[in-house]
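The values are calculated or read from the model by the stated rules, or taken from the named source; none is laboratory data. Quick caveat: nothing in here was measured; it's all calculated off a predicted structure. Don't worry about glycine lacking a Cβ; one is built from the backbone with ideal geometry, like all the others, and counts go over all protein chains shown. Accessible surface areas use protein heavy atoms only, side chains included; no ligands, DNA or RNA. Shrake-Rupley method; radii C 1.70, N 1.55, O 1.52, S 1.80 Å.
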Amino acid sequence: MTLSPETKDWIAAQTGLPAKDEHLWTAALTHGSTGEDFDYQRLEFLGDRVLGLSIAEWLYEKGEDTEGKLSQRLNALVSRQSCARVAREIDLSAHMRLGKQARADGGLDSDNILGDIIESLIGACQVDHGFEVARALVRKWFGDAVEGRAGRKKHPKSALQEWAAGNRRKPPEYELLDRSGPDHASRFTVKVTVRGVGEATGEGDSKQQAETAAATAFLDQHG
């Protein structure tokens, strides 16, 4: 199994190095729903530990906080939600390998799956390039959160949810309007509505991409 040229370029852009073991990185991006005889779980196990160590070392270097405060920050920074935020910022979903049903169930925008694959990618980086490169990857991905800048670059869906809450509106509602084309090249159209404000539509190669496009369009029109 080899990586697509787009995914190879994306991995190289994230790590600063080309992938040496393509099967390793393919496994890191593969969810069990594909039915393949490999998936990301073992690499996630490793990446979780590399992430924790990298962040713990970084927090220790940064100041004189007590053990309790360090633990509190560490737990927040390596949480599933924190990892999923990173995944959305780097457009991870465009490179994930999920089965048809998992995609239909919204797996491309699942905090659990996004967070797991962030950790599996860190694990793959550790195996393919060693700890120094893996630690640098963690510092690149989690820099805004560690430095207290998290949230400045919000994913459009997160930004729209916060916009609705800030304007005392109910959460945005997403509706799939159309799916066309063959399974390998489907096109999705999604409408997002904020009651009492308006609606917008977006298109994409996946339901998640279409929802993101709709959220972006809504913010452009009403934000």
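For segment 74-116, a crude dipole built from +1 on the beta carbon of Lys and Arg and -1 on the beta carbon of Asp and Glu, taken about the Cα centre, is about 100 debye to the nearest 20.
Heavy-atom accessible area with a 1.4 Å probe sorts Phe45, Phe218, Phe131, largest first, into Phe45, Phe131, Phe218. Among the protein heavy atoms, those of His31 account for about 40 Å² of accessible surface (1.4 Å probe, every chain in place).
Rolling a 1.4 Å probe over the protein chains gives Lys69 an accessible area of about 120 Å². For Asp116, the accessible surface of its heavy atoms amounts to roughly 20 Å² (probe 1.4 Å, protein chains only, rounded to the nearest 10). For segment 192-217, backbone nitrogen atoms closer than 16 Å to the point 7 Å from Arg169 Cα along Cα-to-C-beta are found at 192-202, 212-217.
Please compute the contact order of the chain in relative form: average sequence separation of alpha-carbon pairs under 8 Å and at least six residues apart, divided by the residue count, as a percent. List each step's numbers first, then the result.
Working: 336 pairs, mean separation 38.9, N = 223.
Once divided by the residue count of the chain, the mean separation gives 17 percent.
Note on the chain: Cα-Cα pairs beyond 29 Å make up 33% of the total pair count.
What is the gain in length, in nm to one decimal, between Gln161 and Leu177 on full extension, counting 0.36 nm per residue of separation less the C-alpha to C-alpha distance? Could the numbers behind the result be given before it?
Details: separation 16, 0.36 × 16 = 5.76 nm, distance 2.04 nm.
Here the answer is 3.7 nm.
Between their Cα atoms, which of Lys69/Lys207; Lys8/Lys62; Lys62/Lys207; Lys8/Lys157; Lys140/Lys191; Lys8/Lys207 are more than 29 Å away from each other? Pairs exceeding 29 Å: Lys69/Lys207; Lys8/Lys62; Lys62/Lys207; Lys140/Lys191. Per-residue extension of 0.36 nm, minus the Cα-Cα distance of Gln41 and Asp205, leaves a gain of 56.4 nm for this segment. Under unit Cβ charges (Lys, Arg +1; Asp, Glu -1), what dipole magnitude, rounded to 20 debye, does segment 88-183 have relative to its Cα centre? Computed about the Cα centre, the dipole is about 380 debye. In segment 126-223, Cα pairs under 8 Å separated by at least six residues give a relative contact order of 19 percent.
Note on the chain: GNM, Cα springs under 10 Å; of Lys62, Lys100, Lys191, the largest mean-square fluctuation is that of Lys62.
Which semi-axes, in whole Å and largest first, does the equivalent ellipsoid of segment 77-132 have when worked out from the alpha carbon gyration tensor as the square roots of 5 times its eigenvalues?
Gyration-tensor ellipsoid for segment 77-132: 21, 13, 9 Å.
Grab the DSSP H runs of the chain that are 4 residues or longer, score each as -39,500 (n - 2.57), total them, divide by all residues and round the 222 nm result to the nearest 500 deg cm²/dmol. The partial results should precede the final answer.
Numbers: 10 runs with 128 residues, N = 223.
Taking each H run of at least 4 residues, the total per residue is -18000 deg cm²/dmol.
Taking Gly68, Gly202, Gly115 as the candidate residues, the one with maximal mean-square fluctuation in a Gaussian network model of the chain, Cα springs under 10 Å, is Gly68.
How charged is the neighbourhood of Thr34? Take every other residue with its Cβ under 13 Å from the Cβ of Thr34, and add Lys/Arg as +1 and Asp/Glu as -1. Let's see the in-between values first.
Working: positive: Arg97, Lys100, Arg103; negative: Glu36, Asp37, Asp39.
Neighbour charge sum, excluding Thr34 itself: 0.
For segment 18-100, what is the relative contact order in percent, using Cα pairs closer than 8 Å and at least 6 residues apart in sequence?
Working: 53 pairs, mean separation 32.8, N = 83.
Over segment 18-100, the number comes to 40 percent.
Using Cβ point charges alone (K and R +1, D and E -1), the dipole size of the chain about the Cα centre works out to roughly 720 debye. Where is the GNM fluctuation largest for the chain (alpha-carbon springs, 10 angstrom cutoff): Glu175, Glu64, Glu199? Result: Glu64 has the largest fluctuation of those listed. Taking the charge dipole of the chain about its Cα centre, with +1 at Lys and Arg Cβ atoms and -1 at Asp and Glu Cβ atoms, the residue from Gly181, Gly52, Gly202 reaching farthest to the positive side is Gly202.
Given a 1.4 Å probe and every protein chain left where it sits, what share in percent of the accessible area of the chain is carbon and sulfur? Walk me through the numbers before you get to the answer.
Values: 5520 of 11700 Å².
Carbon and sulfur atoms account for 47 percent of the accessible area of the chain.
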